[in-house]
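The values are calculated or read from the model by the stated rules, or taken from the named source; none is laboratory data. All values derive from a computational prediction rather than experimental measurement. When we count neighbours, we look across all protein chains shown, and the Cβ atoms used for this are built from the backbone with ideal geometry, even at glycine.
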Amino acid sequence: MLKTAYNWHRPLMLFTLSMVVLVPVAALGMLLDDRVLLDSPIWFKPFKFAVSFVLYSASLAWFISLMEGRARRVAWWLGTVAALLSVGEMVIIVGQVVRGKRSHFNFETPLDTALFSAMGMMVVILWATNLVIALMLLRKKFDNPAQGWTVRFSLLIALIGMGVGFLMTGPKPGQSIDKGTLGAHSIGGPDGGPSMPFTGWSTVYGDYRVGHFIGMHALQVLPLLIALAGRWANARLAFALSGGYLGLTLLVIWQAMRAQPFVRPDGLTLIVAAAIAVATALGVVWARQQNNAEKELVPA
């Protein structure tokens, strides 16, 4: 099984293994290094990014392995570019931790500015490579329609989640390059302060990282749900679950834009969330009806 996974896309899987190694290293850093940055242990960001990259890069490698012929060769090169860009991003993040500096939104010195600008360029190219792979998957014919639509939708939703990062780079009130900071995760207040355990998401302001996280991890959640559905999985179920997940992603992005903490939804947010849940449930029922109709066509 491990050998098969390694052959999905070797550069991406090698990067995945490097992130598997970095996870305990960063965890050890949080235990032994008492430095704090923006009210968070300084090694917390490398830890979170390493965990996220383990899931992202392994998923992208699997998606590429599903392609055939010329499309797979093109996707292989795109995956290799994605792996190299991801390495570059993590080198900067860890390097800034070693220096005791922020890796994101940091314009304090020419070096900090250059590093953050380089990360921005890497993210743009990484997003573009994922977009091309997603478009290629839209053209691929899958023997399993449920799997095919889930793979396509999960990557498209992940592109929305990745795109949330671009919203974070806009200047916030009182910020300027001269003051050393431009951009933030939080909406309605500065980064830092009270936050949720494990995620670090703000509990007092809106936080773009919620939509960024939920959107990106459609890559794992949706294919897993379809796999767990087993014989009940069909194209309708893929549409229903993907639609519900897209609705959730857009909801938390909208919630953050209104400077509302994820853990403190207002009545409007709850109403929309309930509507998404009901629509998804109806979609699941719709998918089950197709399964029941197909069973009735099977001769006894």
For Val151, work out the one condition from (1) more than 23 Å from the chain's Cα centre (by Cα); (2) part of a helix (DSSP H, G or I) it doesn't fulfil. (1)
Sole residue being surrounded by fewer than 18 Cβ atoms within 10 Å (Cβ to Cβ) and either on the phi > 0 side of the Ramachandran plot or modelled with pLDDT of 85 or more (or both), chosen from Phe153, Phe198: Phe198
Flag if Ser117 is free of Cβ contacts under 8 Å to residues at least 60 places away in the same chain, of a type in the set (Ser, Thr, Tyr) and not in a loop (DSSP other than H, G, I, E, B): yes
Among Ala50, Ala71, Ala82, the single one that is part of a helix (DSSP H, G or I) and at pLDDT below 95 is Ala71
Residues Ser40, Ser18: which one is out of contact with any Cys (no Cβ under 9 Å at 6 or more places or on another chain), farther than 26 Å from Pro223 by Cβ, in contact (Cβ under 8 Å) with a residue 12 or more places away in the chain and hydroxyl-bearing (Ser, Thr, Tyr)? Ser40
Of all residues making up the range 90-100, the number that are assigned to a helix (DSSP H, G or I) and over 10 Å from Leu115 (Cβ atoms): 4
Tally, over the range 280-290, of residues that are exposed (fewer than 14 other Cβ atoms within 10 Å of the Cβ) and either in contact with a Pro (Cβ under 8 Å, 6 or more places away or on another chain) or closer than 16 Å to Tyr245 by Cα (or both): 2
Within the range 71-80, is even one residue surrounded by 16 or more Cβ atoms within 10 Å (Cβ to Cβ) and closer than 20 Å to Phe213 by Cα? no
Do we have Ile276 as closer than 18 Å to Ile157 by Cβ, surrounded by 13 or more Cβ atoms within 10 Å (Cβ to Cβ), in contact (Cβ under 8 Å) with a residue 60 or more places away in the chain and in the same structural domain as Gly211 (by TED's automatic domain parsing) here? no
Assigned by TED's automatic domain parsing to the domain that holds Arg288, in contact with a strand residue (DSSP E or B) (Cβ under 9 Å, 6 or more places away or on another chain), without any contact (Cβ under 8 Å) to a residue 60 or more places away in the chain and within 26 Å of Ala118 (Cα to Cα), is that true of Asp191? no
What about Trp127, is it assigned to a helix (DSSP H, G or I) and without any contact (Cβ under 8 Å) to a residue 40 or more places away in the chain? yes
